[in-house]
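Below is one structure, written out as structure tokens, with a few remarks after it.
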Amino acid sequence: AQGLNATIEYSTDLFDDATIGRMLGHFQTLLEGIVANPNQSLTDLPLLGEAEKHQLLVEWNNTERDFSKDKCIHQLFEAQVEKNPDAVAVVFGDQQLTYHELNAKANQLAHYLRSRGVGPEMLVGLCLERSLELIVGILGILKAGGAYVPLDPAYPNERLAFMLEDTQATVLLTQQRQVEKLSERDKSKVIQNKAEEVADGDFRSAILNPRIHVVCLDVDWGEIARHSEARPESEVTRDNLAYVIYTSGSTGSPKGALTTHSNLVNTYFAWEEAYQLQSAAPVFLQMANIAFDVFSADWVRALCSGGKLVLCPRDFLLDAPQLYALMRREKVDCADFVPLVMRNLINYLDDSGDMLDFMRLLVVGSEVWY
């Protein structure tokens, strides 16, 4: 007759009054739902009141922002070229390109790719080691209207062949030394396939599908450089693909994840809002493998904000003294670390007494930290 009374006992070391009050409210809502619908499954009964539902579904999802929704990601880079063409855009070892130089080379490559039929929704393989050519290649593909498919040169040939076949790419950007490596790895297979009549000069095409046009950005640059440095015209829009990146294949065959220009532009402006990147031209340390999404995040955050992208040699990643010296020399103030590299650097700093007091943005993720 007096109704249903409930008492809750809890540890004050773990919970505060507000949390317990909220929990009791959820329990009351659940009981009311049972009375109103006694035959309904427990999993379908409500826990949240109207105010909490509104907060969860409306207030916390009110994330709309006014940003350049009509832009493609390479156009954000081009805006920085216009603002400060003589600023250094990308550094690798003792080599560097300014925004103007990088833009001019990317335009030449884009015109070349357009002459090869590259346009919107066309996938272009990108199999290069960390280098200035790698960044030129990415921007050239995007400016031509195509989408890049990052291919790690260290991957087994079978995986590279699968991704090229799966994407039906007709153009592959690479370097001569990568072709030579692939040739050595596949020479026995080519002989077994009775391709001994293929001339030495065409051997690089023979190791891949004959439909694929292989472009070595180092030795073929003379031909590419004959094209205009002016910005090419393309029909690419924000809804077209920017890149396709493949999963590890741990659950079966690798699967391609599709990323559009609007995906990248939206994500860039979210970073800009969170970190105010353009307020102080950042110097980003680029460490991630080309086949990881973090790689694309690095170049987008750096080059779309007017910052400098510092490509870290692969052998520096676990060589803490060299890594730290590079960061100091290039005045790196933004970096995205995996925990293994970060832990190694921290141990070095503990021993040497050096500090990361010059860092402005430090992101650590992708695996367990401890």
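The values are calculated or read from the model by the stated rules, or taken from the named source; none is laboratory data. Model, not experiment: these values are computed from the prediction. All Cβ positions, even for glycine, are placed from backbone atoms using ideal geometry, and neighbour counts span all protein chains on display. The protein model used for the area step is the full one, side chains on, heavy atoms only, and it has no ligands, DNA or RNA in it. Shrake-Rupley method; radii C 1.70, N 1.55, O 1.52, S 1.80 Å.
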(message) Compute, for the range 216-357, the length of the dipole vector about the Cα centre, with Cβ point charges of +1 (Lys, Arg) and -1 (Asp, Glu) only. Units Debye, rounded to 20.
(response) 100 debye
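Evaluate 2.2 N^0.38 Å with N set to the residue count of the range 16-58, then give the Cα radius of gyration divided by it. Present the calculation step by step, with values, prior to reporting the outcome.
Working: Rg = 11.4 Å, N = 43, 2.2 N^0.38 = 9.2 Å.
Normalised by 2.2 N^0.38 Å, the Cα Rg of the range 16-58 equals 1.24.
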(request) Using a 1.4 Å probe and counting only protein heavy atoms, arrange GLU101, GLU330, GLU180, GLU9 so the residue with the most accessible area comes first. (result) GLU9, GLU180, GLU101, GLU330
(request) Divide, for the range 250-335, the radius of gyration over alpha carbons by 2.2 N^0.38 Å, where N is the residue count. (result) 1.23
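Please express the shape of the chain as an equivalent ellipsoid: the semi-axes are the square roots of 5 times the eigenvalues of the C-alpha gyration tensor, given largest first in whole angstrom. Don't skip to the end; give the middle numbers.
Numbers: eigenvalues 443, 144, 108 Å².
Output for the chain: semi-axes of 47, 27, 23 Å.
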(message) Using the Karplus curve 6.51 cos²θ - 1.76 cosθ + 1.60 with θ = phi - 60°, what ³J(HN,Hα) values do you get for each residue of the range 27-40, in whole Hz, with x for Gly and Pro?
(response) 5, 5, 4, 5, 4, 4, x, 5, 5, 6, 9, x, 9, 7
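What whole-number value in Å² describes the accessible area per residue of the chain for a 1.4 Å probe?
Working: 19790 Å² over 370 residues.
Roughly 53 Å² per residue, with all protein chains present.
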(request) Measure out, as a whole number of angstrom, how far apart the alpha-carbon centroids of the range 1-67 and the range 74-101 sit. (result) 53 Å
(request) Take a quick pass over the range 15-117 and tell me how many lysine pairs come in under 29 angstrom between Cα atoms, counting only ones 8 or more apart or on separate chains. (result) 5
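Return the carbon/sulfur percentage of the accessible area of the chain, one whole number, probe 1.4 Å, all protein chains in place.
Looking at the chain in its full context, I get 52 percent from C and S.
Considering only DSSP beta bridges with both partners in the chain, what is the antiparallel share in %, to the nearest 5?
Working: 9 of 34 bridges.
Bridges in the chain are about 25 percent antiparallel.
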